[in-house]
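The values are calculated or read from the model by the stated rules, or taken from the named source; none is laboratory data. The model shown is predicted, which means the values in this text are computed figures rather than measured ones. Neighbour counts are summed over all protein chains in view; Cβ atoms, including those assigned to glycine, are modelled from backbone coordinates with ideal geometry.
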Amino acid sequence: MIIKESAENYLEAIFMLHKEKGYVRSIDVANELGVSKPSVSVAMKNFREDEYIVIDAEGNITLTEKGLSVAERVYERHQVIAKALMAIGVNETTAYEDSCKIEHDISQETFEKLKEFLEKR
């Protein structure tokens, strides 16, 4: 399943916000990503139509199994890449910022090798 980088960022943000707060609303996503409320509204409409999320009557956003699968994959990549960067001496803030950029473009092979490298340490 191939989705755009921006969509991956939205789904990862929903995942992280839910872990942190226990619930997610559109305004939370807008604040987390630094995007406008109308942009979030359009994205949520598309995610709902593509069955990545459901939104209840109170406006709470929940990832579907399909959405959770994408979000967990992106989140794992973010975490592993950041840890690999920190292992070579990059400071934590920079490592997490850079991992967000790298996670979308890194090959599966390279990602798996990074994971293996970290597991052996």
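Annotations for the structure displayed:
- Flag if VAL74 is closer than 19 Å to ILE106 by Cβ, part of a helix (DSSP H, G or I) and more than 11 Å from the chain's Cα centre (by Cα): no
- Among (1) more than 16 Å from the chain's Cα centre (by Cα); (2) over 26 Å from LYS115 (Cβ atoms); (3) not in a helix (DSSP H, G or I), the one test that GLY89 misses: (2)
- Pairs, first assigned by TED's automatic domain parsing to the domain that holds ASN9 in the stretch 27-50, second among the charged types (D, E, K, R) and assigned to a helix (DSSP H, G or I), C-beta under 6 Å, six or more apart: ALA30/LYS37
- Residue list for the stretch 80-108, restricted to those being surrounded by fewer than 14 Cβ atoms within 10 Å (Cβ to Cβ) and closer than 20 Å to VAL70 by Cβ: LYS101, ASP105, SER107, GLN108
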